[in-house]
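I have placed the structure first, in the form of structure tokens, so that the comments after it can refer back to it.
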Amino acid sequence: MYSEKFKIFIDMWREEFGIERSIDEKVCLDKDNNPIPWYTYPAIEYLSQFDYSDKEIFEFGCGYSSLFWARRAKKVISIEDNLKWFDKWKSEFKELNLDIRWRDEGEIYENAIFEDKNEYDVIVVDGKRRWQCAEVAVKSLADGGMIILDDSDRINTSEEYVKAVDFLKKANLLQVDFYGFCPMNSYTKTTSIFFNRNFNFESLYKVQPINGWGNLWSKSRKDRKALYKKNM
């Protein structure tokens, strides 16, 4: 039905990204069954390069991303407004450094960020009341940290996202947009990261960028040459 070259492309998405299983089973997992966020793949790969071992994370919106961060960071607090999902994540996620909290009432939801401490290194805005959460996120962001706004392409149809992005940009944060496919979806979206101008996270690797998933240069010379020939 399709060319051999296109089959190679499809196989790469299946094997390197695990996209077929993710879509069919509705799970945010990579090819090795590790939890990944429901962000775009380019954003996930970019974020995966850094060392979070001394970082504290705050999430508006709980899910597989909570495990992704908990297995990398010093501490994660995740706020969930849906009682059904809260019960599910609370019973399934056992990481000791992950604190999942149910907050569902208006301002109580976004103000949960002020309950423990003043600043977080990474703040994820991926739940409800996103422009309100963006506003408090700016007040709680540590120097050199970042705010992640997922589904930011909704700015084209939602006043809520217009306000959120406008507020983050007016706070003198540097906006970088990661477009592309994501786990569980058969369509693209955008994940935006807003960096404090003093962003200073250390890389886990000697060089940056590292080889991405499905990258030609991550293969042995022999396999690289064979794949290159197939694509000629």
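The values are calculated or read from the model by the stated rules, or taken from the named source; none is laboratory data. Nothing here was measured: the structure is a model prediction, and the numbers come from that model. Cβ atoms come from the backbone with ideal geometry, glycine included; neighbour counts cover every protein chain shown. What goes into the accessible areas is simple: the full protein's heavy atoms, side chains included, and nothing from ligands, DNA or RNA. Shrake-Rupley method; radii C 1.70, N 1.55, O 1.52, S 1.80 Å.
Label reach from E115 (point 7 Å along Cα→C-beta): in region 69-101, amide nitrogens under 14 Å belong to 76-83, 86-87, 90, 98-101.
Note on D116: accessible area is roughly 80 Å² with a 1.4 Å probe, heavy atoms of protein only.
Filter the chain for me: DSSP H helices, axial length by Cα at least 30 angstrom, mean Kyte-Doolittle hydropathy not below 1.0. List them by residue number. Before the final figure, lay out each step's value.
Details: long enough: none.
Taking the DSSP H segments of the chain (at least 30 Å long, mean hydropathy at least 1.0), we get none.
Remark: the S158-S3 segment gains 51.8 nm on full extension, using 0.36 nm per residue and subtracting the alpha carbon distance. Mind checking which of R130, R14, R71 has the largest fluctuation in a GNM of the chain, springs on alpha carbons under 10 Å? Evaluated over the chain, the most mobile residue of the options is R14. When the Gaussian network model of the chain links Cα atoms closer than 10 Å, the mean-square fluctuations of K84, K163, K55 top out at K84. Kirkwood analysis of the Cα pair distances in the chain returns a hydrodynamic radius of 18.8 Å. Could you list the residues of region 156-175 with an amide nitrogen less than 12 Å from a label point located 7 Å from the Cα of R197 in the Cα-to-C-beta direction? Flagged as within label range: 171-174. Over region 8-109, all Cα pairs binned in 5 Å intervals from 0 give whole-percent P(r) values of 2, 12, 20, 22, 18, 14, 7, 3, 1, 0, listed from short to long.
Helix-only estimate, please: 222 nm mean residue ellipticity of the chain, summing -39500 (n - 2.57) across DSSP H runs of length 4 or more and dividing by its residues, to the nearest 500.
On the way: 9 runs with 83 residues, N = 232.
Calculated mean residue ellipticity at 222 nm is -10000 deg cm²/dmol.
What's the extension gain from K74 to L174 if we count 0.36 nm per residue and subtract their Cα-Cα distance?
Details: separation 100, 0.36 × 100 = 36.00 nm, distance 2.48 nm.
Once the chain is fully extended between K74 and L174, it gains 33.5 nm.
Within the shell defined by Cβ-Cβ distances under 14 Å, the residues around S48 carry a net charge of -2, with Lys and Arg each +1 and Asp and Glu each -1. Sparsely packed loop sites in region 134-228 (the GluC sites (Glu not before Pro) outside DSSP H, G, I, E and B with at most 16 other Cβ atoms within 10 Å) comprise E202. Under a Cβ-Cβ cut-off of 10 Å, what is the net charge of the residues other than I148 that fall near it, where Lys and Arg count +1 and Asp and Glu count -1? So the surrounding residues net to -3. Excluding K170 itself, calculate the net charge of residues whose Cβ lies under 14 Å from the Cβ of K170, where each Lys or Arg counts +1 and each Asp or Glu counts -1. Local charge sum for K170: +2.
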